[in-house]
Amino acid sequence: MKRKYTSLLMIIIMMFTMFAACSKEKEEEKAVNVPEGEVYESAEGLVDENGELVEQEGSGIEFEQEEDNAKLAFVKKDPSAFYGSWTATSDKAIYLYGNIDITVKENGTWTGNITGEKLGGKWEQVGDHLHMDNDLFSFDLSFESSGEMILIETGDDYTFNTVMTKKQ
């Protein structure tokens, strides 16, 4: 399990390093032309006219279900309740992953973009949840008694609960 997370982390680091190296010249050129008080997107985030990182404001969205030690009660749902495209919008999800977009398909597969990585694989129903598996990332999707769908990522010494919102 740790190998999967280490591999995912190494891929992410390599991607950021390659992207930063390829775009450094463009960023330096762009920084010279940025009007005072304006910001632009760089590989490291938002940058002001002096090349300094600008702290991004969060979405302002928080969910009780994502708090550490949240007491959650999961309910069994028919797999069809999971079908469709889902996204995470909370500040915690953005902080932990950057982005999570998942599509659960009727044919027993899923696709997604998590932390900028295109992933996919098969899902299976296990008790009250769907288990999604991939060489780099595995997680569960389950509905909480409040009606929210929760992405559950469990490691050796942690569990992250992330509320997923259905895309329209």
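For the reader, a short list of remarks on this structure follows.
- Cα-based Kirkwood hydrodynamic radius, the stretch 76-168, one decimal, Å: 13.2
- Under 5 Å between amide hydrogens, built in the peptide plane, is the criterion, and for E148 it picks out nothing among residues at least 5 positions away or on other chains.
- The stretch between I61 and H131, if pulled fully straight at 0.36 nm per residue, gains 22.6 nm over its current Cα-Cα span.
- Spin-label model, S145/L72: points 7 Å from Cα along the beta carbon direction are separated by 1.5 nm.
- Accessible surface of the stretch 82-129, 1.4 Å probe: 52 percent of it comes from carbon and sulfur atoms.
- Projected label distance in nm at I11 and T103, using a 7 Å step from Cα toward the beta-carbon: 1.8
- Solvent exposure of the stretch 106-159, expressed per residue, is 47 Å² of accessible area, with all protein chains present and a 1.4 angstrom probe.
- Sparse-neighbour loop sites [trypsin sites (Lys or Arg not before Pro); the stretch 75-168; at most 15 other C-beta within 10 Å; DSSP]: K76, K105, K167
- Contour minus Cα-Cα distance for Y95 and K166 (0.36 nm per residue): 23.6 nm
- Of K77/K122; K71/K122; K71/K118; K105/K167; K76/K105; K77/K167, pairs whose Cα-Cα distance is over 22 Å: K71/K122; K71/K118
- Sites K118 and Y158 - FRET efficiency at Förster radius 22 Å, r taken between beta-carbons, to 0.05: 0.35
The values are calculated or read from the model by the stated rules, or taken from the named source; none is laboratory data. Predicted model, so just to flag it, every value in this text is computed and none were measured. In this analysis, Cβ positions are derived from the backbone assuming ideal geometry, glycine residues included, and neighbour counts consider all displayed protein chains. These area figures cover heavy atoms from the full protein model, side chains too; ligands, DNA and RNA do not enter into them. Shrake-Rupley method; radii C 1.70, N 1.55, O 1.52, S 1.80 Å.
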